[in-house]
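Since the structure comes first, as structure tokens, the remarks are kept for the end.
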Amino acid sequence: QVQLVESGGGSVQAGGSLKLSCAASGYIFSSCGMAWYRQAPGKERALVSFISSDGTTNYADSVKGRFTISRSNSKNTVYLQMNSLKTEDTAIYYCAAACATGATYWGQGTQVTVSS
């Protein structure tokens, strides 16, 4: 079965940093675009960042200049480096994969809590 497992979430103070990881198995990782989404309490799930199979990246305006997405195809892992965290970044963060077959896969999420 296809599996995406997020890790690295936790509780930090505003201005701090966290690095999330998403380890993939059960599919051809290198052919997939990878994304991080987040869902804050009472809000819809929203795209945070995307990295294509060829390395092209995109970021939501709210995180530009603070977050960096990267991937290691050899490790089947995508990362989200989050710096200068704000309380508004508090959310459950989800890893997603969109693959050449057209299939989409989701992880179970990891909680990020930023305290003032």
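The values are calculated or read from the model by the stated rules, or taken from the named source; none is laboratory data. Note that this is a predicted model, so its numbers are computed, not measured. Quick reminder, even Gly has a Cβ in these numbers, built from the backbone with ideal geometry, and neighbours come from all protein chains shown. To get the accessible areas, we keep the full protein, side chains included, count just its heavy atoms, and leave off ligands, DNA and RNA. Shrake-Rupley method; radii C 1.70, N 1.55, O 1.52, S 1.80 Å.
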Query raised in the report: What are the residues whose amide H is under 5 Å from the amide H of Thr90, where those residues sit 5 or more places off or on another chain and H is modelled from the backbone?
Result: Val114
Report summary line: Expressed as a percent, the accessible surface of the chain that is carbon or sulfur, using a 1.4 Å probe and the full set of protein chains, is 47
Query raised in the report: Do any GluC sites (Glu not before Pro) in the stretch 1-91 lie in a DSSP loop with no more than 14 other beta carbon atoms within 10 Å, and if so, which?
Result: Glu44
**Report entry** Relative contact order for the chain, counting Cα pairs under 8 Å that sit 6 or more residues apart, in percent
**Finding:** 36
Report summary line: Classified through the alpha carbon gyration tensor (a ≥ b ≥ c as square roots of its eigenvalues; rounded if a/c is under 1.5, else prolate when a/b is larger than b/c, else oblate), the stretch 25-66 comes out oblate
